[in-house]
Amino acid sequence: MPAEGAPTRFPAGFVWGAATASFQIEGATTADGRGPSIWDTFAATPGAVVGGDTGEPATEHYRRYREDIALMGELGLGAYRFSVAWPRVRPDGAGALNPAGLAFYDRLVDALLEAGIEPWPTLYHWDLPQALEDAGGWPHRDTALRFAEYAVAVRDALGDRVATWNTLNEPWCSAFLGYAQGVHAPGRREPAAALAAVHHLLLGHGLAAAEIRGGRTADGRPHRVGLVHNQTVLRPHTASPADLDAVRRIDGLRNRIFTDPVLHGRYPADVLADVAGVSDFGFVRDGDLAAVSAPIDHLGINFYNPQWVSGDVRGIDPAVVEGDGDATYVGSEDVRFVLQGLPRTAMGWEVDASGLYDVLIRLAAEQPGLDLYVTENGAAYEDEVGVDGAVHDADRIGYLDQHLRAVHRAIADGVPLRGYFAWSLLDNFEWALGYSRRFGLVHVDYATQRRVVKDSGRWYAGVARSGELPAPPSAAAADHL
Ligand code: PNW
């Protein structure tokens, strides 16, 4: 046990970063030959995004990336996780490459390296070229093949300088929020298509990973590749058999349907049985699961909140029950999510950092030796720039402090957790919620594009620079938790 009041030190070499995604920050959606993506189309659909917000102007990062890299320097970041916009690189997803689009990422990578910040690209953070959706989208096998081609193009352009790669961000969101619940692009509500999307996303990952792995940077560092899941922990609302079975089913559709194929080359039998009435998984061809389970070097985990589930909500106050009419969990649409009365963020997500500890311990046990990273973690709160020109977001500091303590405890218990990326560098386009939710360490005034480092950004800079959490956490932060 560290002495009372002693700082919490992280291991030498621990990676401190922050994350963003192309559509959420870049703006410039028609610049330099970029083609339309499914998020451009979805955001233009009346009623799809809060306030009618679109990918313009976002944070104008496409033009302001140098200013943003200077901010990353202020925040003490060692690494920056960003995503590459497929429709900039190959505007219609299948035809000619667009050198002007690739050149943006070329400039970005050079500027990051000049600033001493390691670039961590993710190849797919949800901005599918619209032309590929028109041809069927992720439920269609060809999309996986096109993804692998696009991955090769980006590898060829950046692989001389970029060592660490991620293929997909949160395929659960792409497949189930996009094709089953329809709250994300492309806004389809087709349960069978969502399951086909799961498989073709994973196939795209495996094919791309095999293309990237084995290469080296110009200075001889091996390319390392992984993917990013929003694995979470599901907990039973009560110990009833119905609630325990709800945990099994939702864990299957949220976590195991992704990790079993990637880590073990098979779909979980109980999940296949649960969804048998919707799909027979006839889209899985010989050799696919070998491709999906291509070796990876790390797994990224995006963690925000644990969830409590129930298979039978009779007798529970309806005010704390969520998920009614929600088509996300294909074949288990009857399961409900039950609020536990914990503090919540502006997303309505309950704060409980022990969920992150549990996720990390489970993955480390499931795949011993696989490097893990927290590739996103953070919180939306109702920030305001005060009269003093600062953003005093003690609640966000409290959230980050609590989760970093959970990460530290997992490392102390033997989890090979090698780094942590805060979500997000900047306030940005929060998908279906538009600009109404702020996750940044840096505040953005969208009208003027003025950036202000929040108190949480200064706090995080101190952690990243020193490699340790200050002790004890501030009373103000503790108050909020
Ligand atoms: C993740 N859900 O999205 C994404 O990787 C980010 O782009 C996003 O801004 C961040 O988390 C915060 O939302 C999610 O409904 C979106 O459970 C929705 C859900 C989960 C993650």
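The values are calculated or read from the model by the stated rules, or taken from the named source; none is laboratory data. The model shown is predicted, which means the values in this text are computed figures rather than measured ones. All Cβ positions, glycine included, derive from the backbone under ideal geometry; neighbour counts span all protein chains shown. Heavy atoms of the whole protein, side chains included, go into the accessibility calculation; ligands, DNA and RNA do not. Shrake-Rupley method; radii C 1.70, N 1.55, O 1.52, S 1.80 Å.
Things worth noting here:
- Cβ-based net charge around H229, under 10 Å, with every Lys or Arg adding one and every Asp or Glu removing one: 0
- Dmax and Rg, reported as Rg then Dmax, of the stretch 209-268 (C-alpha, Å): 17.6, 57
- Directionally averaged shadow of the stretch 167-271, computed from the convex hull of its alpha-carbon atoms, nm²: 8.4
- Euclidean distance between Cα centres, the stretch 325-341 to the stretch 382-428, Å: 28
- Alpha-carbon centroid distance for the pair the stretch 218-236 / the stretch 22-56, whole angstrom: 27
- Accessible-area ranking of W349, W172, W165, largest first, probe 1.4 Å: W349, W172, W165
- Note on the chain: Kirkwood radius taken over Cα pairs, Stokes-Einstein applied at 37 °C and 0.692 mPa s, translational D equal to 145 µm² s⁻¹.
- Global geometry of the stretch 317-392, whether rounded, prolate or oblate, following the gyration tensor of its Cα atoms and the 1.5 cut on a/c: oblate
- Our estimate of slack between E114 and E384, defined as 0.36 nm per intervening residue step minus the Cα-Cα distance, is 93.9 nm.
- Extension gain for A471 to F281 (0.36 nm times residue separation, less C-alpha to C-alpha distance): 63.3 nm.
- Sum of side-chain charges, Q130 neighbourhood, beta-carbon under 9 Å (Lys, Arg +1; Asp, Glu -1): -4
- Förster-model FRET efficiency, 41 Å R0, D270 and S436, C-beta, rounded to 0.05: 0.60
- The label-point distance for V152 and R221, in a model that sets each label 7 Å from Cα toward Cβ, rounds to 2.6 nm.
- DSSP beta bridge pairing in the chain, given as percent antiparallel to the nearest 5: 25
- Computing FRET efficiency as 1/(1 + (r/R0)^6) for R107 and R189, where r is the C-beta to C-beta distance and R0 is 41 Å, gives about 0.55.
- With a cut-off of 12 Å between beta carbons, the residues surrounding W423 carry a summed charge of 0, where Lys and Arg count +1 and Asp and Glu -1.
- Only Lys, Arg (+1) and Asp, Glu (-1) charged, at Cβ; the stretch 256-316 dipole about Cα centre in debye: 140
- Inter-part distance where the stretch 249-287 and the stretch 116-175 are each reduced to a Cα centre, Å: 22
- The stretch 234-338 - percent relative contact order, Cα under 8 Å, separation 6 or more: 36
- Sorted peptide list for 418-425, 303-310, criterion being average Cβ within 10 angstrom, highest first: 418-425, 303-310
- Per residue, the chain reaches -10000 deg cm²/dmol at 222 nm when only DSSP H runs of four or more residues are counted, each adding -39500 (n - 2.57).
- Probe 1.4 Å, all protein chains present, accessible-area order of R344, R450, largest first: R450, R344
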